[in-house]
1. Please work out how much accessible surface Asp204 shows to a 1.4 Å probe, ignoring ligands, DNA and RNA, in Å² rounded to 10.
2. How many percent of DSSP beta bridges within the chain run antiparallel, rounded to 5?
3. Between Asp94 and Arg432, what is the FRET efficiency for a Förster distance of 25 Å, r being their Cβ-Cβ separation, to the nearest 0.05?
4. Relative to the present Cα-Cα distance, how much length would full extension add between Ser118 and Arg103 at 0.36 nm per residue of separation?
5. Please report the carbon-and-sulfur percent of the accessible area for the chain; probe 1.4 Å, protein heavy atoms only, DNA, RNA and ligands left out.
6. How many Lys pairs in the stretch 39-440 lie less than 20 angstrom apart by Cα atoms, where the lysines are 8 or more positions apart or on different chains?
7. Select from the chain the helices, each a whole stretch of DSSP H, whose alpha-carbon atoms run 27 Å or more along the helix axis and whose Kyte-Doolittle mean is at least 1.0; answer none if there are none.
8. Using the Karplus curve 6.51 cos²θ - 1.76 cosθ + 1.60 with θ = phi - 60°, what ³J(HN,Hα) values do you get for each residue of the stretch 184-194, in whole Hz, with x for Gly and Pro?
Amino acid sequence: MALATTSSHALSCYLHPRRRHRGNVAVSPRSEGGGARRKEEVEIVIVGAGVAGLATAASLRRLGVGATVLEQGASLRAGGTSLTLFKNGWRVLDAIGVADELRAKHLRIQGMKMRSASSPASAAGGVLREFSFEEEAPGQEVRAVERRALLEALASKLPPGAISFSSKVRRVAVAGQQQGPGGATELELEDGRRIVAKVVVGCDGVNSPIARWMGFSEPRYVGHMAFRGLARYDGDGGQPFEAKVNYIYGRGMRAGFVPVSPTRVYWFICFNRPSPGPKITDPAALKREALELVRGWPEDLLAVMRDTPDDAVVRTPLVDRWLWPGLAPPASRGGVVLAGDAWHPMTPNLGQGACCALEDAVVLARRLATAAASEGGEASSYGEAMRAYERERWGRVFPLTARAGLVGALVQWGNPAVCAARDGVVIPRLVRLGPFLEHTNFDCGLLEPSAAAAAPSP
């Protein structure tokens, strides 16, 4: 469902009507003298209403713990294209309670077709290999999900007023003299509001200001750019494609498309470029550039791209951040902790960026909920919960980030001999889908709803 923009007054009503408890969260106002803006004291604040932020809030809610979500935009992000979710991601959505709603709207992908761009005489030309998920990876669940639909489904699990829109963080600081682990953190917003929280969860994306404040380096550009688009087929017949992932490989470039729903098809192009170059703001120019890149490639890919509205095409640099042990800062500092792309941005070559963000959300929420119930949510309990979350997640996200980067480097090679070996030997004879998707076997477990979470919101 579409969510209306929440006003500052509505946020105040949610944060401090008097003093109240929502689940395990205590909220109270504190006024300062001298005409200063009032500080709002909360237990848990999540910065960013993207996949990681909303999933963390929804997971906490399911465990009976409330959280306030700050989103700098005026509404939920309506743009973007789609996200590919494998079975580990669907397990998280099952645990949160939104999976079936999304399954009803998005097609289950049955298999994969891999082709060479060098033989594009027809849509079937240049086929290197075809896979069936049921035959080669039994139990796998793959669906491409519209980003907008995923965010709306997650947001629907939160109480009214839980998301504060137009709430951009200007400054992060340790509150008072609490310098130790789990100390309170003060957020100053662009509109002058000041929020003091025991826990701040940074889910503010790849270019996270929270991560910079914690000492993380900027994400590393990997030398590849990506076009992405979402074609629309709103006529009587809908889109005409089989429910398969279509990959097409060229020299230093690859492309593909996958049906999302009966009326939507997602497509992408990855291409080598030494630097990201200037940003293009003209949607029509972006689409023309994308079509020019794959001129002469299979007609079905070109048809999907032509059926895409100009405003549904985006171009982004591909970046990542490898969390080298002993070199990368810890995932938490004081009462602040990172999740999703803010902590471990990764390239899309394994389709695990959104899945790992969802996994983070459940693991972190479970740790924080336990801490909230322990000694009334003392700062030391939250600090240990954050460190335990990092220990649990680092061993999963660091190898996946590295593996995704290496896979991307290999498939983007432009050397003719390497491409010939890829097309003639590696893909047809060596690739095995089951072992390649072993990482999707992660099971986040259940989020057992508490009595507080099951009760209707006041």
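1. 40
2. Percent antiparallel among DSSP bridges in the chain is about 70.
3. Efficiency for this residue pair is about 0.40.
4. On the way: separation 15, 0.36 × 15 = 5.40 nm, distance 3.57 nm.
Full extension from Ser118 to Arg103 adds 1.8 nm.
5. 53
6. 10
7. 353-373
8. 5, 10, 9, 10, 9, 9, 4, 8, x, 5, 10
The values are calculated or read from the model by the stated rules, or taken from the named source; none is laboratory data. Just so it is clear, the structure is predicted and the values come from calculations on it, not from any experiment. Using ideal geometry, Cβ is built from the backbone for each residue, glycine included, and neighbour counts are taken over all protein chains shown. Surface accessibility is based on the protein's heavy atoms, side chains included, excluding ligands, DNA and RNA. Shrake-Rupley method; radii C 1.70, N 1.55, O 1.52, S 1.80 Å.
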